[in-house]
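As structure tokens, the structure follows; a few thoughts come after it.
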Amino acid sequence: MNSQAEDASPTLRDVGSSSSTPLFSSSSEEDLTHKKIPRHQLTENQVKRIREERAKKRQSHRNSLISQGKDPDFPTPDLQFIKRPFLHLHHEMTHDSAELTLDSTTSSAQTTPNSLDVKIMTYNTLAQTLIRRNFFPQSGSALKWHKRSKVLVHELKTYNPDIVSLQEVDYNELKFWQDNFRKLGFDLSFKRHEGKTHGLLIAWKTEKFQLENEWMLDYDTILAGNVIPARTRTKNIAFIASLRLKNIPGPSTDGIIVANTHLFWHPFGVFERLRQSYLVLAKIQEIKACPKYNEWYSVLMGDFNTEPEEPPYLAITRKPVTLRGPARAMAECSLAYRYSKKRNGEGSSQDDEECDEQSRGEGRFNQPQNPKPKSFPATSEQKGLVNQLVALHNSLHVKGVSLYGLGYGKVQPENSHESNGEPELSNWANSWCGLLDYIFYIEPSDEQSTHEENPLDDFENKNNLRVIGYLKMPRAKEMPKHSQPFEGEYASDHVSLMCQLRFLSEEKLNSIN
């Protein structure tokens, strides 16, 4: 819309179309409201009123877009996305007060003499190579990469994170990501399993961090505890990078260890996900055991294909791990499932991580039908394998603290589960919705830490940091009935998570305490 051109020649028809009080005092003038009057025949007051009415309409349209979480200044309507606000914890006031910051960019990372703020994001961006139209029947042209890609980049630019972990990044679009991240001031590294068309990406702001080292875990080739192999070919990996702070004085740490992973997807993959979560935690523990990295902060994030009540989440966040009731039944039941020969690599080389979701495996009539039973008649072998893997998890000296589970209830209590503090969802697909994505802070295991009255305070003091706030997560009742992606809403079937942390110096922590 060229508002200047329109304002240059307002007509009486514009006046008559408004629902406001007529501009003219005489009835003869009012009778002419449906006629197009040349600009030179309008009085100055009439022109002024016309322009005021147009300005109100434009502002009303902007307000409508903002109320929908959309950016009114983004030029192309079909490239809009639902912009979520940043929910800010005010530690200088009380932990129980929170501020809603509508512009997330205003909470960008800041360096002070005593601290450093870092915003950490995880996002499953939906690999283009995994898209099948029948999985996204309502998405239409929103699935096209030339559209989705621009929205994804605009979203990253808007939320302005400092460290980003992406899952399902297409290998053939790697140059696109390299070019656009560098325009935003990032460097990046990418890893994938040689049998996959997509992989994991870690990016970091170059003004704050530099890459020091990196590791990749192929879950399929590593024995958990040197004894438990993968039950099927998954082609899933973990990618870990150590990012050193760039000559930033103040924080008591030299850097941060960032682990990005995408655990095995399958309804009956609980045991394998439990095994993979052990492997990545064990690797982080191994890295942290090096004197160089002993005092570094550590985070594990990604798409865990796991809900909070399932064994992998419980094993990451609790020490000691105890699987009882439905959680144990899930793990034992998944051991009874027999995967297809195709998934195990016989006669197929395709990237079937999620394309195999319709498969019922081998001997389907003898297969378990419910992946989440309340109880399961496990064999002694199945019980023994679960016990063995639980013991391996309990042998670790590290655990994960879900940053959203830790404090999100303080900023959006209506979207925080009463037992685990987690938001309702991070995935909104055609056939399923729920929470699958997490940002875990990795800390030394402390059996007493789950029983404190103020877990957020204790966590911050113990780890020499502050949780500043969170990117708001949508509630199920706020989501449209159709699946994502969808034009003007979200560019993936997942939504991103972002948490802002403040790394403190020892002097700053002592002064706060």
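No value in this document is a laboratory result; all are computed from the given coordinates. Since the model is a prediction, treat every value here as computed from it, not as a measurement. All Cβ positions, glycine included, derive from the backbone under ideal geometry; neighbour counts span all protein chains shown.
How big is the dipole moment of the stretch 78-512 about its Cα centre under a simple scheme where the beta carbon of each Lys and Arg is +1, that of each Asp and Glu is -1, and everything else is neutral? Debye, nearest 20, please.
Working: 51 positive and 56 negative charges, 227 e Å.
Here the stretch 78-512 has a charge dipole of around 1080 debye.
As a quick test, which of the pairs K144/K191; K150/K246; K150/K208; K235/K383; K157/K372; K196/K410 have an alpha carbon distance above 28 angstrom in this structure?
Working: K144/K191 24 Å; K150/K246 30 Å; K150/K208 25 Å; K235/K383 26 Å; K157/K372 39 Å; K196/K410 40 Å.
With Cα atoms farther than 28 Å apart: K150/K246; K157/K372; K196/K410.
Do any GluC sites (Glu not before Pro) in the stretch 194-295 lie in a DSSP loop with no more than 13 other beta carbon atoms within 10 Å, and if so, which?
Working: sites: E194, E207, E212, E214, E272, E286, E295; in loops: E194, E207, E295.
Within the stretch 194-295, the qualifying GluC sites (Glu not before Pro) (loop, at most 13 other Cβ atoms within 10 Å) are E194, E207, E295.
Got a sec to turn the phi values of the stretch 320-328 into Karplus ³J(HN,Hα) couplings, 6.51 cos²θ - 1.76 cosθ + 1.60 with θ = phi - 60°, whole Hz, x for Gly and Pro?
Taking θ as phi minus 60°, the curve returns x, 7, 9, 9, 9, x, x, 4, 5 Hz for the stretch 320-328.
Taking the Cβ of D187 as the centre, find all other residues whose Cβ is under 15 Å away and add up their charges (Lys, Arg: +1; Asp, Glu: -1). Before the final figure, lay out the partial values.
Working: positive: K175, R182, K183, K191, K205, K208, R244, K246; negative: D162, D179, E207, E212, E214.
That sum, taken over residues with Cβ under 15 Å, equals +3.
Simple spin-label model, 7 Å along Cα-to-Cβ: E453 to E286 in nm?
4.3 nm
Can you list residues whose amide H is under 5 Å from G255's amide H, if they're 5+ apart or on another chain and H is modeled 1.01 Å from N?
Those qualifying (amide H under 5 Å, at least 5 residues apart or on another chain) are L245, Y297.
So what J values fall out for the stretch 228-237 if you push phi through Karplus, 6.51 cos²θ - 1.76 cosθ + 1.60 with θ = phi - 60°, rounded to Hz, Gly and Pro as x?
9, x, 5, 7, 7, 6, 10, 6, 8, 9
Which trypsin sites (Lys or Arg not before Pro) from the stretch 420-501 combine a DSSP loop assignment with at most 12 other Cβ atoms within 10 Å? Before the final figure, lay out the partial values.
Details: sites: K462, R466, K472, R475, K477, K481; in loops: K472, R475, K481.
For trypsin sites (Lys or Arg not before Pro) across the stretch 420-501 that sit outside H, G, I, E and B with at most 12 neighbouring Cβ atoms in 10 Å, the list reads K481.
Can you list residues from other chains, or at least 5 along the same chain, whose modelled amide H is less than 5 Å from the amide H of E310?
For E310, no residues qualify.
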